[in-house]
Structure formats: structure tokens, C-alpha cells
Amino acid sequence: MPSLSLRGLSEQAYEGLRQLAIRNHRRMQEQVRLLIKREVRYSQVGAVERARQWRSVLAGRNFSDLAADIQADRNR
């Protein structure tokens with residue numbers, strides 16, 4: 001499996017990444033791997049085109065306010 005080494009990462013970026021990994025219950029290496037995979041996937045033209053297609057499919061639909069629905073259910 002290919003590997004990657006990062007140099008010159010600021011302390012602020014490193015600490016932010018560390019905190020993000022902690023919040024997501026992941027090791028830093030797992031968190032970095034996930035972020036890179038997401039960025040690559042979202043930067044591909046196919047992903048943008050799929051998003052456009054979904055927007056056109058969902059255009060004009062009326063979606064209820066999920067928070068209001070949950071609150072109404074709790075108040076029953």
C-alpha cells in the first residue's frame with residue numbers, strides 16, 4: 001500500500017487534526033486517510049455531476065422540518 005509523509009504542517013493544523021480525530025474516535029492516521037479520500041472523491045467531475053442530477057431530481061419537493069417533526073413526536 002502506498003504511503004505519504006507530510007512535512008511543514010503547522011502546529012495549529014496538527015492540533016486541529018488531532019482534536020478532529022479525538023471527536024470522531026479515530027486515530028490521526030485514520031482521520032487523515034478519511035479526509036484525503038473524501039477530498040479526492042468530491043473533487044472528481046463525476047461527483048459534481050451526480051450532485052447536479054440529485055438536485056434536479058429533488059427540485060420542487062417539499063421536505064418537512066425534521067426538527068419540528070421530532071419535537072412534535074416527543075410532545076405526543
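Quick note: the coordinates plus some simple rules give every number you see, no bench work behind them. Owing to the predicted nature of the structure, the values given are computational and were not obtained by experimental measurement. Heads up, the Cβs are rebuilt from the backbone with ideal geometry, glycines too, and the neighbour counts pull from every protein chain shown.
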Flag if ARG33 is surrounded by 10 or more Cβ atoms within 10 Å (Cβ to Cβ) and of a type in the set (D, E, K, R): yes
Residue in region 57-67 that is farther than 30 Å from ARG18 by Cα and polar (S, T, N, Q) present: yes
